[in-house]
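The values are calculated or read from the model by the stated rules, or taken from the named source; none is laboratory data. In this text, all values refer to a predicted model and were calculated from it rather than measured experimentally. Virtual Cβ from ideal backbone geometry, glycine too; neighbours counted across all protein chains shown. Areas reflect the complete protein model, heavy atoms only, side chains present, ligands, DNA and RNA absent. Shrake-Rupley method; radii C 1.70, N 1.55, O 1.52, S 1.80 Å.
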Amino acid sequence: MKQAGRKTNYAVILLIAIFFIFFQTGGGAVYRTAVSARAETEASSVIKDLTTDKSFNFSDYPEELYNFSIEVIQIAESENGELFLYAYQPSGQYKDLTATTVRISTAINDNAMWVDYKLTKLNSSGVFFKYKVNDIAVKADVVRYYDISAIHRKYDSAIDEGTDNNNNVNEVVYEVGQLWTAVTVNGEVSYNMVISETITITEKYVDFIRYPNGWLTFNKATDSHYIAFSTDRQIDKLVEADVYFVSQMYRYKYKPFSDEIQEIYAWDPEEQTETLNYELNKGGNTASGLFSKKYEWQCIQSVAEFKTAAQSDKITLSEETETNLKNKQWILRFYESEYNHYSETGDYFATRVNDVTILRLKFETAGKTYNLGVVDNKQEGDDTPGNRPEDTGHKGFWEYIWNCIIKLFTGQATTIETVVAVVALVVAIAVFGCAVGFLKWLYKKLFK
């Protein structure tokens, strides 16, 4: 009777968990029976853990040497509160491929927030790999959720395609789309899984726009870093987004009589995650100089809104940027960094961003709100702003003055640039007049 009671308790809790997931996801989840690995320690082998479930069938996972994908087939919690992940990698030991991060939310539905947890490879055998999920806390709740949207590995140029723009891929992504439920009854843990919804980034471009901070601070500017992207799902309104990236400040110089950059020093990289909200978040530059102009922008924009705002601010996007924005639907302006140029030493200071990826998107489509984990790679842009150099004054004072004069005579100057150009011309004429007068005086003295 006691054993029957335990089974009844387990069944009740399991049914409650499954029905809760089913109804909260609108009935769209598909239940699938999962193998139940048992892992007590890091040292136990992947084969030993997987075969604790007598129904595990090795023939379901054939070796395919040229299939370099990664598929999550099981998770397991250890007695020490660790979380292990088991993967099927069809290429097996043919090529040294190791998963780097896994994207997990330990909450579901409206409370879901995905995080990329780093993975440590513990051991492997053939096509089966065992990983430890680092820095994730196994909750003490009776029912625990692990909504896994994606898994990553390092980019390999020998087997992976690059981008069709000036971006580089840092890590390749594979969709998982699995919501695992771990249930503890009388000290025993059982695992079950349902297919979960995800949203996939189909087109992506990482870049930044440089905004001048005003006259007399022509050596300073603000870089607005953004992602332009499209997805595999219709989005009527983009409400929120979580973006992960790694920022790194660096110092460089231009080589003499050249546009070639020589990097001098790079600071330690810093991992960051930003949550953007359509209604709450705006970005802007640091308008600190004389005749400075304050630029402001929405952190979530459509590509059309992004282009219109640039045109309104008289920021001219480069031809390359215009090309790379094609086939993109949305813009996330996720980070602002400072750009400085010290004329005395010729040093430039800027910040680059790497490993840029979208973790979560909350959006509305046909009157329904979705909050989904994102299947997205990790990508980086180059170190060149996506607008014309004359908009940024990035080469210093004289370039800034000269560009203001050019814009004045071509009808493209803003009010500030018009003032700068007129003052510069008046000063130039006055200096020229003084120089002519001095030469006349000198001529008379020498040839009197």
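For a quick check, take a GNM of the chain with Cα springs below 10 Å and name the residue from ALA241, ALA366, ALA350 with the largest mean-square fluctuation. Fluctuation is largest for ALA366.
The alpha carbon centroids of region 78-125 and region 222-256 are separated by 26 Å. Packing order of peptides 122-130, 187-195, highest average first: 122-130, 187-195 (average count of other Cβ atoms within 10 Å over each peptide's residues).
Counting Lys and Arg as +1 and Asp and Glu as -1 over every other residue whose Cβ lies under 9 Å from the Cβ of ALA287, the net charge comes to +2. Taking the longest Cα principal axis of the chain as reference, the axis of helix 2-24 is set at about 30 degrees. When the square roots of the Cα gyration tensor eigenvalues are ordered a ≥ b ≥ c, the ratio a/c for region 309-448 is 1.5 or more and a/b exceeds b/c, which makes its shape prolate.
For the chain, report the % of Cα-Cα distances exceeding 36 Å. Across the chain, Cα pairs with separations above 36 Å total 43 percent. For ALA309, the shell of other residues with beta-carbons less than 12 Å away shows a net charge of +1, using +1 for Lys and Arg and -1 for Asp and Glu.
Peptide packing for 49-61, 273-285 was compared via the average number of neighbouring C-beta atoms within 10 Å per residue; ordered from the highest value, the list is 273-285, 49-61. Rounded to the nearest 10 degrees, the inclination of helix 397-410 to the longest alpha-carbon principal axis of the chain is 80 degrees.
Give me the percent of the accessible area of the chain that comes from carbon and sulfur atoms, probe 1.4 Å, all protein chains in place. So the carbon and sulfur contribution to the accessible surface is 53 percent. Using 0.36 nm per residue and subtracting the Cα-Cα separation, the extra length available between VAL422 and LEU280 on full extension is 47.1 nm. Counting 0.36 nm for each residue step from SER312 to TYR94 and taking away their Cα separation leaves a gain of 73.0 nm. Legend: distances between Cα atoms for LYS48/LYS378; LYS307/LYS362; LYS293/LYS407; pairs beyond 28 Å are LYS48/LYS378. With the helix formula -39500 (n - 2.57) applied to DSSP H stretches of n ≥ 4, the chain reaches a computed 222 nm mean residue ellipticity of -6500 deg cm²/dmol.
Helix 415-446 axis versus longest C-alpha principal axis of the chain: approximately 40°, rounded to the nearest ten. Under a 10 Å cutoff between Cα atoms, tell me which one of TYR250, TYR335, TYR174 has the largest fluctuation in the Gaussian network model of the chain. Looking only at TYR250, TYR335, TYR174, the biggest GNM fluctuation is shown by TYR250. The alpha-carbon of LYS255 sits under 18 angstrom from the alpha-carbons of these lysines, leaving out residues fewer than 8 places away in its chain: LYS395. When the square roots of the Cα gyration tensor eigenvalues are ordered a ≥ b ≥ c, the ratio a/c for region 264-386 is 1.5 or more and a/b exceeds b/c, which makes its shape prolate.
Could you compute the net charge surrounding GLU338? Neighbours are other residues with a C-beta less than 12 Å from the C-beta of GLU338; K and R count +1, D and E count -1. Here the charged neighbours net out to 0. Treating each Cα of region 183-232 as an identical point scatterer and summing with the Debye formula, the log10 of I(q)/I(0) at q = 0.16, 0.21, 0.24, 0.32 Å⁻¹ comes to -0.71, -0.84, -0.92, -1.09.
Annotation for region 50-122: GluC sites (Glu not before Pro) lying in DSSP loop with at most 14 further Cβ atoms inside 10 Å of their Cβ are GLU63, GLU64, GLU79.
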